[in-house]
Each structure stands twice: as structure tokens, then as C-alpha cells.
Amino acid sequence: MRAEVGDVEYRTWLQQIVLGPVDGDEVTLMLPTRFLRDWVRSQYGDRLSALWNQEIPAIRRVELQVMRPGDVVAAPPAADGEGGASAAPAEVTPAPAARAASAPSDRVSDTRSDLVAPLDQRFTFDTFVVGKPNEFAYACARRVAEKPSSVGFNPLFLYGGVGLGKTHLMHSIGAELIRRGGISVAYMSAEKFMYRFIAAIRSQSTVEFKDHLRSVDVLMIDDLQFLIGKDNTQEEFFHTFNALVDAGRQIVVSADKSPSDLSGLEDRLRTRLGCGMVADIHATTFELRISILEAKATASGVVVPGKVLEFLAHKITTNVRELEGALNRLIAHANLFGRPITLESTQDVLHDILKAHDRRVTIEEIQRKVSEHWNIRLTDMSSARRARAVARPRQVAMYLAKQLTSRSLPEIGRKFGNRDHTTVMHAVSRVQELMERDTAFAEDVELLRRMLES
Ligand SMILES: Nc1ncnc2c1ncn2[C@@H]1O[C@H](COP(=O)(O)OP(=O)(O)OP(=O)(O)O)[C@@H](O)[C@H]1O
């Protein structure tokens, strides 16, 4: 969840969740107050259930409860929230399922269950706000949902920057197809696709994996850029892709760049990806941001003054996810303290987010400064080289990206040669550790930070 919603939102709402009993198909999560419980339930409930079910297919329900004294809980995660595995159980030992959850990579999965990756129920066409930057992509998505495999729309390739609604549109297509019925839909991220593929190889069930994939009517793969550099998985995807298109099935793919700009993907795959409908989701305009904020504020039932919406739409321009996160925080604050939202309270409540946006340091700038400082090639920021002379500056750049920008861990990972968010997490803690131990190193990092901030 942290990787998905970003640090700020995670800390505000999810950090205090404590794992309660795991019983059969139900897991209980506990929260300290009723307000938090209700908020987490309404905003994240479905997603939490989906993630648990994805990791442990036996779990069908996530129950959210207010903690009472004496409740049986598993230990909260370690202080940094990321080294959870080291936490010792409090009062009771977590049930086997709970332990399995902390080591998902060890799990050899049932490929079948993953083909029906859960869709986020919040992401439907109804909740997608249409404006100039996304109207074409929206129209294409609707068309595919209404008439899959139409000539000229297969594959549908949706692309655009981070947090601009690609996933939302894909889930909307899935939800609409399922609502209409009679069609099998498989949705998964490219990362999951690779993970499943590798798991299938390990458990010698690749034939089953392929057969299942090739039996769906509509296959949707999100964040395809993840497959850059993963040659075997690309190859497998290419064959699945061909088999499905040849059999008249629909493919929907999303990525952060157009097929022709996805250098690092095999040419033949890029060519095939670009031969259906390619739809770009452009950066949001001020008008679209206002419409999105208005829609979300109305849905929440809390009155948010127009001035505040305008202020947010001016300040947070990069992506809709952050815009939404900021608004959610304001709304929650208003609910919590029963005070109306004003421009003043907005600046106060969102001061950390707004500060991050004021600085406007980009990851590219950070990479450039750090490479100059240690005299390494800029390309090594995204290369696979692991020599310490290169790897350490890269870790520092990741650390600074986390500190100085409001990018989420997966976004940062992507900018560093498509690395995984766990690599970024590791880099951040490693640099913190080193700064504590080595004053000369700490001074170097501080100097870089000051240069970037000024
Ligand atoms: N036009 C829109 N209307 C309503 N909500 C939107 C719109 N665009 C984006 N959002 C919301 O912004 C958040 C981020 O969107 P989404 O996850 O679809 O982005 P993405 O393009 O897939 O990002 P990533 O590159 O990180 O995969 C979601 O909560 C989504 O509902």
C-alpha cells in the first residue's frame, strides 16, 4: 500500500494499522480510533482486501476493527515500517497466513488464481473525469469496453505520465466488461506478469500458465515499461500477445511512453503494440484538475471552498494521485476536527506536500548533480553496473530523490533504470545508515542537498 499511495498518505492513514487474528478466510486489521477505522474502510478497504487476496488467495475478507485494550495483535512493523520481517510478535504468534504475507517472494503461486486479478472498484468510467487531455484515451477505452476486438482498436495502447489515469481507465474497461457479462477478463501489471511467469517456470507449470493466459477474451497488462530489459518475459508476452490477437481476442496495454519511445523493448513487440490504437493521456490542465477536485470533493460530502480547490490545482500540477491525496487529507482533517476547510487551514495541513512542490527539484537534476559530484557517467544512474563507485552515488541520488521530491518509491525506481521500489527503499535506509556512521559521507550528502535546494 505504501508503494501505491506514497509515503505521506501511508503515514497519515495506514501506518497505524496493526495485524489482528487471521482466521480461515478472514484477516482482522485493527486501528486505534473509530474515525481512522471508518476512513480506512471507505478509502482503502477494497484495495486492502484485494492485496491480501492477491498475496494469499485463501483470504477472502479483511475485517477492520477498532482496537480495544487486551486485543490480540501481531507485532507492528519495525520502526521504519519497511523491515517488517524483523518484528517480534506481541502477545501471540501470527497465524501461518500472516507470516506468509511477509515473505511473498518465497511463495510459489497458483497461476490460475492470478488471472482474475481484482479490479479496484473505485476505478470506473463513472468516476473518471473527462477533459481535453484525456478525452481521446477515454473514448477509446469506452469503445473497447463496449465492443472488444473491434477492427482498429486491437491492441489498445494507453500511455501517459505517472498518475494520470492509465490504471483507472484499464480498471474501468474491466469493470464495464464484467458488468456486461459473458466475457473473461485478465488484468495484471507487467511486474506481476513477470513474477507469475517466473513462478510458473519454477513450479514447472508454464504450459498451464500459457494456456490460461491464452484462454481469456480480454488481456490487460499495466505498466508495460517494466518489461524493458526483461528479455525472457518480453518474449513470453510477445507470444501470448500474438496468440491472443490472432485468435481475435482483445489486448489492452498501458505504459509511460508511446510504443516507438519504449526503447529497450524488442522492435517486433513495439511494432505490434503500435499497430492498433495508440492513445496518449496528456498532462492535466488547470481546468481538468479543478473538475477532478470538484468531483472528488462532492463525492466526499464535505464542503471545500472553490478558492481552496483553485489553490490546490495551481500548486499540485504533476499528477492526479497527489492531487487526490492532498484533498483526501484535507477532508479527513475537517472530519476529524469538525472545522471548516479554509485556505489557511489548507496551507497548514498540507504544509509538507506544498513545500515539496515549491522546491520543484527534479529527479533528473538530482541525478545530474550527484553524477557530477562523484564524477561518474550520468547513464550509470540507470545502468545495471553494481561496482561500488557507481552503486553508492546511485543510492545517494535515490535517497535525495526521496527526500527532495514528492515522488513515490516506484516512480523513483522507474527513473533509475526501472528498478523495483524495494531497491529504492534499501538505498534510502543504506544511505541513512552510512550518514550516521561516516561524517565525511554525511557532509557530502548534505552539501548535495543544499546545492539542489538552493
Ligand atoms: N481523469 C481522472 N478522473 C478521476 N480520477 C483520476 C483521473 N485521472 C487520475 N485519477 C486518479 O488518480 C489516481 C492515479 O491514477 P492511476 O493510478 O490510474 O494513474 P496511472 O497513470 O496508472 O499511474 P502510474 O504511472 O503510476 O501507473 C487514481 O486514484 C485515479 O483514480
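The values are calculated or read from the model by the stated rules, or taken from the named source; none is laboratory data. Everything quoted here is computed from the prediction, not taken from an experiment. Every residue, glycine as well, gets a Cβ built from its backbone with ideal geometry; the counts of neighbours run over all protein chains shown. Ligands, DNA and RNA are stripped out before the accessible areas are found, and what is left, the full protein with its side chains, is counted by its heavy atoms. Shrake-Rupley method; radii C 1.70, N 1.55, O 1.52, S 1.80 Å.
Structural remarks
- Available extension along the chain between His239 and Thr298 is 16.7 nm, counting 0.36 nm per residue and deducting the alpha carbon span.
- Phi-based couplings in Hz for region 340-357 (Karplus 6.51, -1.76, 1.60; Gly and Pro marked x): x, 7, 10, 4, 5, 5, 4, 5, 6, 5, 9, 4, 5, 5, 5, 4, 4, 6
- Glu310-Glu446 pseudo-label distance in nm [points 7 Å out on the Cα-to-Cβ vector]: 4.3 nm
- Share of carbon and sulfur in the accessible area of the chain stands at 51%, probe radius 1.4 Å.
- Viscosity 1.002 mPa s, 20 °C: Kirkwood-radius Stokes-Einstein D of the chain over Cα pairs, µm²/s: 91 µm²/s
- Greater than 28 Å apart at Cα, pairs in Lys210/Lys402; Lys192/Lys257; Lys257/Lys307; Lys257/Lys402; Lys307/Lys355: Lys210/Lys402; Lys257/Lys307
- Farthest positive-ward along the chain dipole, Cα basis, beta-carbon charges - from Trp13, Ala427, Ala283: Ala283
- Every Cα-Cα pair of region 286-356 was included, and the share exceeding 19 Å stands at 22 percent.
- Calculated Rg and Dmax of region 111-281 using C-alpha coordinates, Å: 14.8, 48
- Reciprocal mean inverse distance between Cα atoms of region 322-454 - Kirkwood radius, Å: 16.1 Å
- Rounded accessible area per residue of the chain, 1.4 Å, Å²: 47 Å²
- Our summary gives the chain a relative contact order of 13 percent, counting only alpha carbon pairs under 8 angstrom and 6 or more residues apart.
- Here the chain is treated with +1 on each Lys and Arg Cβ and -1 on each Asp and Glu Cβ, and its dipole about the Cα centre works out to around 420 debye.
- Calculation over all alpha carbon pairs of region 1-63 in 10 angstrom steps from 0 returns a P(r) of 22, 56, 22, 0 percent.
- Helical mean residue ellipticity (222 nm; -39500 (n - 2.57) per DSSP H run of 4+; nearest 500) of the chain: -16000 deg cm²/dmol
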